[in-house]
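Participant: Please read through the structure below; I'll follow up with questions.
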């Protein structure tokens, strides 16, 4: 059947497109908000204006990113009603409830203090401003938590019974703390931290290459790299643990990720395919380059542990293999690359101190260029990771309980084509414009204005009843 | 859906959630109403400094205003999943158009700040605001016109929302938002900009009232059961209070505009919105999808409603408090004729 006339495919394509676009923005918002809070707290505590200038500079990048994240997220929430009506009706008691929590507890908190954080520097005391930044950071992290509760419940539904087309909640605690939540939220939250550190390191490297503001960007570069030495390997460990858990919770997804068609026989080990050409029609790989025993070792920590192959599942219960298989490999490669860059740079900072000073650091061309590449690598990793997670869940919208085809609204095909096309045009234009403006911010660089007032001296603030204009 | 037994606890919880979402809706319509309204009005302003001043009067608060819609979406999804899954499907086109409008105006705020070519982004801000306002009007019109739901599924057509009636509602909503925007700008500006807002106030107020009157007359004609409900005694005495109160507010609004009060016009416009909304809610209660689905049928089971009440209900005063605080921080006026004041 022609995919562009298939309503289920069109609704999936639309949601997938919106989601893949949306997820490019909030992770940086979440991680950067925490970093901004740290910088601002350092300013308030030490009164060192360096931290103030750092906070102001990264806030500009935060601002562009936040705006695009908010407006691209709005359609996701509404998509459940417009395109996934039967799913919404079936799962609303839990899933809608959780989205309700997210909006009222977290999203509103973020929005309620965002104006003060971005435009309130001259209008509130430094302490109050720090509080506002803290609320934005807390709100965005809490928002990620509730969203991951909702998403992980779709991966490993618990605490519900599916009766007569309706998910009836039997246990809220089990439903919220479903088996995937710790891994799902942990992996996503760590991704937010990691991508923010990568952006700080990469952008700092950009200035160091250009020999601009080296005294300003060398410290941010160093601290981001040092933090990444801990965060990047930790993220790989969390991911590995999440992958291992799939053997129990979503074995078909695991088999698809590894392009493993047949369960290994007792006494033998399941091999790990580095590369393969999966052939779903014939239920085999046309060819593969694999290392024996490794999949068994990774999943079961025993070289001959049993790992279920895809042929254990009926054809109609199998996820597509190609995207999870390659998406996973791309994600892992990107994650390892970032960890490698962090470790090698730490070694330089430790053993080659004379090359890493403000007046000498720009000589390390390849190292700094490598950091420029970590930025796209981190974004590719997030996109690839979500493709693995969501395509690997297919053909289920709620794993093992409700099929994606049962969850879709019957919207006429021409209407779906119109909305998909509209989203693609709008998002592409917005994405390009955001990148252009981001480039403008980078070209302009930091502004070293004096702070409007010294931190924590509320009585000295002039109360000026006027609106900040757009300068 | 018919399997939901009528029990009094569930009915009470459903009613509470109907009222909470109603409260959110009123807050949203007033706040984002003036927000979108300022955008619509900016299309009729010739020079860039004025449009920039209009945008900067919203710069710090538009995101929070729009977030009330996100909160309505989330709470509606949880408390009344059936409404979420059918009405949004039925109103697919106006909803998507509204979202596209929001996107356009949302990015315009940021890009206007950063761009060298400001007129482009102040125009897209106005255009996006107009698109979103008109689309909301059509969505409301489509909902009042009836969203066809049978057996928990939307069974109508993709263009059901479009009718002469919904065109009228869309004009009314857009005029009402422009009126809110105008009266907001009266509070936030001075000089020539404020004068312009006082002058066009009468016309917008009239357009808004004509549309509200049309909905009031049309509804009982379309739905005989509403006719009976409104005009039976003693109901008629209660229902009559609402148009009287709305008309009283209208008179007070015109008076406030004439006397050039700064805050009163916004308050009276808000009152007109409030009475119209109460009128709609009282007319249709306990229906949540007019003529098709009641709150008891649409509501999630009691355990979800209680759980949400615990998680969200207690936060409502907190949410309102920090939103008010943000307005207090950014109080004061913008004035394009006197650069130094903003």
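The values are calculated or read from the model by the stated rules, or taken from the named source; none is laboratory data. These numbers come from a predicted model, not from an experiment. Using ideal geometry, Cβ is built from the backbone for each residue, glycine included, and neighbour counts are taken over all protein chains shown.
Participant: Considering only segment A:121-142, I want to know if a residue exists there that is touching a helix residue (DSSP H, G or I) at 6+ places or on another chain (Cβ under 6 Å), crowded, with 18+ Cβ neighbours inside 10 Å, farther than 30 Å from residue A:47 by Cα and touching a residue at least 12 places away in the same chain (Cβ under 8 Å).
Facilitator: no
Participant: Take the residues of segment A:260-285 that are touching a helix residue (DSSP H, G or I) at 6+ places or on another chain (Cβ under 6 Å) and farther than 15 Å from residue A:306 by Cα: which is surrounded by the fewest Cβ atoms within 10 Å (Cβ to Cβ)?
Facilitator: A:283
Participant: Next question, about the same structure. In segment A:400-415, what residues are part of a helix (DSSP H, G or I), more than 9 Å from chain B (Cβ to nearest Cβ) and closer than 18 Å to residue A:75 by Cα? Reasoning before the result, please.
Facilitator: Taking segment A:400-415 and keeping what is part of a helix (DSSP H, G or I), we get A:404-407, A:413-415.
If we keep only those that are more than 9 Å from chain B (Cβ to nearest Cβ) too, we end up with A:404-407, A:413.
Listed by number, the list holds a single entry, A:407.
Participant: Right, here's the next one. Please enumerate the residues belonging to segment A:146-166 that are within 13 Å of chain B (Cβ to nearest Cβ), surrounded by 18 or more Cβ atoms within 10 Å (Cβ to Cβ) and without any contact (Cβ under 8 Å) to a residue 60 or more places away in the chain.
Facilitator: If the condition is that a residue be within 13 Å of chain B (Cβ to nearest Cβ), surrounded by 18 or more Cβ atoms within 10 Å (Cβ to Cβ) and without any contact (Cβ under 8 Å) to a residue 60 or more places away in the chain, then A:146, A:147, A:149, A:150 are the ones that fit.
Participant: From the set of residues in segment B:160-213 that are in contact with a strand residue (DSSP E or B) (Cβ under 8 Å, 6 or more places away or on another chain) and not in a helix (DSSP H, G or I), which is farthest from residue B:143 (Cα to Cα)?
Facilitator: B:190
Participant: Scan A:3, A:10, A:99, A:63 and give me the residue that is at the interface with chain B (Cβ under 8 Å from one of its Cβ atoms), surrounded by fewer than 24 Cβ atoms within 10 Å (Cβ to Cβ) and more than 15 Å from the chain's Cα centre (by Cα). Talk me through it step by step, then tell me what you get.
Facilitator: Working: A:3 fails: at the interface with chain B (Cβ under 8 Å from one of its Cβ atoms); A:10 fails: at the interface with chain B (Cβ under 8 Å from one of its Cβ atoms); A:99 fails: surrounded by fewer than 24 Cβ atoms within 10 Å (Cβ to Cβ).
Only one candidate qualifies: A:63.
Participant: In the list B:301, B:290, which residue meets the criterion of being under 21 Å from residue B:13 (Cβ atoms) and touching a residue at least 60 places away in the same chain (Cβ under 8 Å)? Spell out the reasoning first.
Facilitator: On the way: B:290 fails: under 21 Å from residue B:13 (Cβ atoms).
Sole residue among the options that is under 21 Å from residue B:13 (Cβ atoms) and touching a residue at least 60 places away in the same chain (Cβ under 8 Å): B:301.
Participant: If you don't mind, another one. Check every one of the helices (runs of 4 or more DSSP H) wholly within segment B:239-342 and list those with 3 or more residues that are closer than 30 Å to residue B:216 by Cα. Give the steps one after another, and end with the answer.
Facilitator: On the way: elements: B:264-284, B:295-298, B:302-312, B:316-329.
Passing ranges, in order: B:264-284, B:295-298.
Participant: In segment B:140-156, which residues are buried (at least 24 other Cβ atoms within 10 Å of the Cβ) and touching a residue at least 40 places away in the same chain (Cβ under 8 Å)? If you could, list the steps in order and put the result at the bottom.
Facilitator: Going through segment B:140-156, the residues buried (at least 24 other Cβ atoms within 10 Å of the Cβ) turn out to be B:141-142, B:147, B:149, B:154.
Correct list: B:142, B:147, B:149, B:154.
Participant: Give the residue, chosen from A:436, A:408, A:361, that is at pLDDT below 95, closer than 27 Å to residue A:195 by Cβ and buried (at least 20 other Cβ atoms within 10 Å of the Cβ).
Facilitator: On the way: A:436 fails: buried (at least 20 other Cβ atoms within 10 Å of the Cβ); A:408 fails: closer than 27 Å to residue A:195 by Cβ.
Criteria check complete, one pass: A:361.
Participant: What are the residues in segment B:40-87 that are at the interface with chain A (Cβ under 7 Å from one of its Cβ atoms) and not in a helix (DSSP H, G or I), if any?
Facilitator: Matches in segment B:40-87: B:57, B:59, B:60, B:61.
Participant: Taking the condition buried (at least 18 other Cβ atoms within 10 Å of the Cβ), touching a residue at least 12 places away in the same chain (Cβ under 8 Å) and within 17 Å of the chain's Cα centre (by Cα), does residue B:83 pass?
Facilitator: Working: buried (at least 18 other Cβ atoms within 10 Å of the Cβ): yes; touching a residue at least 12 places away in the same chain (Cβ under 8 Å): yes; within 17 Å of the chain's Cα centre (by Cα): no.
No: the conditions fail for residue B:83.
Participant: While we're here: Give the residues of segment A:319-356 that are surrounded by fewer than 20 Cβ atoms within 10 Å (Cβ to Cβ) and outside any helix (DSSP H, G or I), sorted by residue number.
Facilitator: A:320, A:352 - these are the residues of segment A:319-356 that are surrounded by fewer than 20 Cβ atoms within 10 Å (Cβ to Cβ) and outside any helix (DSSP H, G or I).
Participant: Evaluate segment A:379-398: report whether one residue or more is crowded, with 19+ Cβ neighbours inside 10 Å, at the interface with chain B (Cβ under 9 Å from one of its Cβ atoms) and in contact with a helix residue (DSSP H, G or I) (Cβ under 6 Å, 6 or more places away or on another chain).
Facilitator: Checked segment A:379-398: no residue is crowded, with 19+ Cβ neighbours inside 10 Å, at the interface with chain B (Cβ under 9 Å from one of its Cβ atoms) and in contact with a helix residue (DSSP H, G or I) (Cβ under 6 Å, 6 or more places away or on another chain).
Participant: A follow-up question, please. Identify the residue in segment B:88-111 that is more than 7 Å from chain A (Cβ to nearest Cβ) and touching a residue at least 60 places away in the same chain (Cβ under 8 Å) and, among all such residues, is farthest from the chain's Cα centre (by Cα).
Facilitator: Within segment B:88-111, the match that is farthest from the chain's Cα centre (by Cα) is B:90.
Participant: Same structure again: I'm checking my understanding of the structure. Among residues of segment A:68-87 that are without any contact (Cβ under 8 Å) to a residue 60 or more places away in the chain and either surrounded by 24 or more Cβ atoms within 10 Å (Cβ to Cβ) or at the interface with another protein chain (Cβ under 7 Å from one of its Cβ atoms) (or both), which one is nearest to residue B:147 (Cα to Cα)?
Facilitator: Going through segment A:68-87, the residues without any contact (Cβ under 8 Å) to a residue 60 or more places away in the chain turn out to be A:69-70, A:73-74, A:77-78, A:80-81.
Then drop every residue that is not either surrounded by 24 or more Cβ atoms within 10 Å (Cβ to Cβ) or at the interface with another protein chain (Cβ under 7 Å from one of its Cβ atoms) (or both), which leaves A:70, A:74, A:77-78, A:80-81.
Values: A:70: 29, A:74: 23, A:77: 21, A:78: 17, A:80: 18, A:81: 14 Å.
Among those that are without any contact (Cβ under 8 Å) to a residue 60 or more places away in the chain and either surrounded by 24 or more Cβ atoms within 10 Å (Cβ to Cβ) or at the interface with another protein chain (Cβ under 7 Å from one of its Cβ atoms) (or both), it is A:81.
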